[in-house]
Amino acid sequence: MASIEDGTILKTVFFAMLAGAAWVLASDYFELNAMQPQDLAVTPGDPMLPAVDRPEIDPDNPAYRPLEHIRTPPEQLAEPLSIELLGGGVLMLSGTIVPGAAASFADEIARRGDYVETVALNSPGGSVEDALVIGRLIRESGFSTAVGDGALCGSSCPLVLAGGVERIVSDNAAVGVHQIYAGAGGDDIGSAQAMSDAQSITARIARYLGEMGIDPLVWINAMETPPDRLYFLTMDEMEQTRLAALSDPDQ
């Protein structure tokens, strides 16, 4: 009986956190839309966003400065997602997840999926909808996912990472999350609709992560992080939430 009650309490607390974070997300959406572009230190959508302040992290420890590990030039990461079949059954996804990327990925899997074992990621993120579809296709196909030495997996990219039946991250890679950003300068959809949309996509992401066998609490870090920053996950956080396991970068 106690374990059931404890589980109920934990679920209640978790969904309360989701609702609160969704409200913060909606509030930040309006703040960003009210800003002029020059008011933002980094425009949302840039491929390499700075880390959000984390007082518990030692800034002098290189392990907590993941942007220093990234080897791909920002202009290359900003390019639309490219899909390339490499040796050893590795399908490389590199660049921004633009709308329509999921359809391109599905076409590639239909053509050459028999050769694929692992989907390697090097992406600053992009379309959440496409990331969720790609992640599900990866799981349905039985592929593993990996973020290799010197690679970035940011914003919506970790949702793709979550799709792997096995998920490996190099300790010289960067994996970061932040709030969903609808895009400044768009239509004024109103606070009620923004709140509804934020709650809807937050619930979908939480459900998706749970289906993938990952602790949805990992996404709390995203909802607490402004869209012009990234919360870079530590290896301990990824292992504890089952988002990924450590990979030896020399292998």
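The values are calculated or read from the model by the stated rules, or taken from the named source; none is laboratory data. Predicted model, so just to flag it, every value in this text is computed and none were measured. A quick note on method: Cβ atoms are made from the backbone with ideal geometry, for glycine too, and the neighbour counts reach across all protein chains shown. Note: accessible area is taken over every heavy atom of the protein model, side chains too, but ligands, DNA and RNA are not part of it. Shrake-Rupley method; radii C 1.70, N 1.55, O 1.52, S 1.80 Å.
Which of the residues that make up region 199-216 are open to solvent by less than 40 Å² (accessible area, probe 1.4 Å) and either under 17 Å from Glu166 (Cα atoms) or within 13 Å of the chain's Cα centre (by Cα) (or both)? Result: Thr202, Ile205, Ala206, Tyr208, Leu209, Met212, Gly213, Ile214, Pro216.
Taking the condition of a type in the set (S, T, N, Q), open to solvent by less than 30 Å² (accessible area, probe 1.4 Å) and assigned to a loop (DSSP other than H, G, I, E, B), does Thr145 pass? Answer is no for this residue.
Within region 76-90, how many residues are touching a residue at least 24 places away in the same chain (Cβ under 8 Å) and either farther than 26 Å from Met235 by Cα or surrounded by fewer than 13 Cβ atoms within 10 Å (Cβ to Cβ) (or both)?
Just the residues of region 76-90 that are touching a residue at least 24 places away in the same chain (Cβ under 8 Å), to begin with: 77-78, 81, 83, 85-86, 88-90.
The next check asks that each one be either farther than 26 Å from Met235 by Cα or surrounded by fewer than 13 Cβ atoms within 10 Å (Cβ to Cβ) (or both); those that pass are 83, 85-86, 88.
The qualifying residues number 4.
Look at region 99-117 and say how many of its residues are in contact with a Leu (Cβ under 6 Å, 6 or more places away or on another chain) and outside any helix (DSSP H, G or I). Of the residues in that region, 1 qualify. When Leu137 is tested against (1) touching a strand residue (DSSP E or B) at 6+ places or on another chain (Cβ under 8 Å); (2) open to solvent by 10 Å² or more (accessible area, probe 1.4 Å), exactly one condition is not met: (1).
Taking (1) closer than 20 Å to Arg167 by Cα; (2) of a type in the set (D, E, K, R); (3) in a helix (DSSP H, G or I) in turn, Glu75 satisfies each apart from (1). Any chance region 91-100 includes a residue that's touching a helix residue (DSSP H, G or I) at 6+ places or on another chain (Cβ under 8 Å), under 12 Å from Leu159 (Cα atoms) and open to solvent by less than 30 Å² (accessible area, probe 1.4 Å)? So far as region 91-100 goes, yes, one or more of its residues are touching a helix residue (DSSP H, G or I) at 6+ places or on another chain (Cβ under 8 Å), under 12 Å from Leu159 (Cα atoms) and open to solvent by less than 30 Å² (accessible area, probe 1.4 Å).
The rows are residues; the columns are (1) modelled with pLDDT under 85; (2) charged (D, E, K, R); (3) surrounded by 11 or more Cβ atoms within 10 Å (Cβ to Cβ).
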site: Ala16; (1), (2), (3): yes, no, no
site: Ser27; (1), (2), (3): yes, no, yes
site: Arg65; (1), (2), (3): yes, yes, yes
site: Glu117; (1), (2), (3): no, yes, yes
